[in-house]
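Sharing a structure with you now.
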Ligand SMILES: [Zn+2]
C-alpha cells in the first residue's frame with residue numbers, strides 16, 4: 001500500500017469537540033485569548049471549508065476526482081469522504097492537532113487548560129477513528145502544512161489510495 005494510513009492520534013475537529021463537551025458535566029471552558037496571536041488562531045479556527053481543505057479539493061478536481069462528499073455523517077464528520085469506497089480524508093490543522101513538523105509552541109498562559117484540551121482531543125480522535133474503522137472505513141490523515149506545501153502531491157496520494165479500494 002502506498003497510501004499514507006497515518007493514525008488519527010493527534011486529530012481533532014475542534015468545533016465538534018466543543019459541542020460534544022457541552023453535553024458532559026466536566027466542561028472545559030475556553031480561557032480568554034492571552035495574546036493577539038492566540039486570538040487570531042482561535043478566530044481563524046473554523047470547522048468547515050478551511051483553506052487547506054479548499055485547496056486540496058481543488059487539486060482533487062484537477063485530477064478528475066469528484067465523487068467525494070464533505071462532512072459525511074459518520075463518526076468525526078471527516079472533511080472529505082468517498083462513501084462508496086469507505087475512505088475518508090482528514091486535513092488536520094497544525095495548531096489544534098499539534099503538528100510534529102511545525103512544532104507550534106503551546107500558548108504560554110493557561111498551560112493547564114491547553115494540555116488538558118489537547119489530551120482530550122487525542123483521546124477523542126482515537127475513539128472516532130476506531131468507530132469509523134468498526135464501520136469499515138479507512139482514514140487518511142494529512143497535516144495542514146503538508147497540504148499547503150504541495151496540495152497536488154497529497155491529491156495524488158489520495159488518488160492512489162482510491163485506486164486500491166474500488167467502490
Ligand atoms: Zn504542520
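A short reminder: the numbers here are calculations on the coordinates, not readings from a lab. Predicted model only: the values in this text are computed from it and were never measured. Cβ atoms come from the backbone with ideal geometry, glycine included; neighbour counts cover every protein chain shown.
For an R0 of 22 angstrom, estimate the FRET efficiency from the Cβ-Cβ distance between residue 165 and residue 126 and round to the nearest 0.05.
According to the calculation, E is roughly 0.45.
Put a dot 7 Å past each Cα toward the Cβ at residue 70 and residue 149; how far apart are the dots in nm?
Going from the residue 149 label point to the residue 70 one covers 2.6 nm.
Quick check: pseudo-label points 7 Å beyond the Cα along Cα→Cβ at residue 118 and residue 62, how many nm apart are they?
About 3.2 nm separates the two model spin labels.
What fraction of the DSSP beta bridges in the range 41-159 is antiparallel, stated in percent and rounded to the nearest 5?
Roughly 45 percent of the DSSP beta bridges within the range 41-159 come out antiparallel.
Taking the range 44-120 as the region of interest, what is the percent of Cα-Cα pairs per 5 angstrom bin, listed from the shortest bin to the one with the maximum distance?
Bin by bin from 0 Å, the calculated values are 3, 13, 19, 21, 17, 13, 8, 5, 2, 0.
As a footprinting exposure proxy, order 48, 159 by other Cβ within 10 Å, with the fewest listed first. Can you show the working numbers first?
Working: 48 12, 159 15.
Sorted ascending by nearby Cβ count, the order is 48, 159.
Quote the convex hull volume per residue of the range 105-159, based on C-alpha atoms, as a whole number of Å³.
On the way: hull volume 4.1 nm³, N = 55.
Dividing the Cα hull volume of the range 105-159 by its residues yields 74 Å³.
Take the Cα of residue 134, step 7 Å along the line toward its Cβ, and report every residue of the range 55-80 whose backbone nitrogen sits under 20 Å from that point.
Those under the cut-off are 72-78.
Cβ neighbours within 10 Å, averaged per peptide: list 91-101, 131-141 in order, most packed at the top.
Ranking the peptides 91-101, 131-141 by packing returns 91-101, 131-141.
Further, regarding this structure: Can you tell me which of 149-158, 64-73 comes out highest on packing, and rank the rest after it, using the mean Cβ neighbours within 10 Å? Intermediate values should be presented prior to the final figure.
Numbers: 149-158: 17.3, 64-73: 13.4.
Per-residue Cβ counts within 10 Å, averaged per peptide and sorted highest first, yield 149-158, 64-73.
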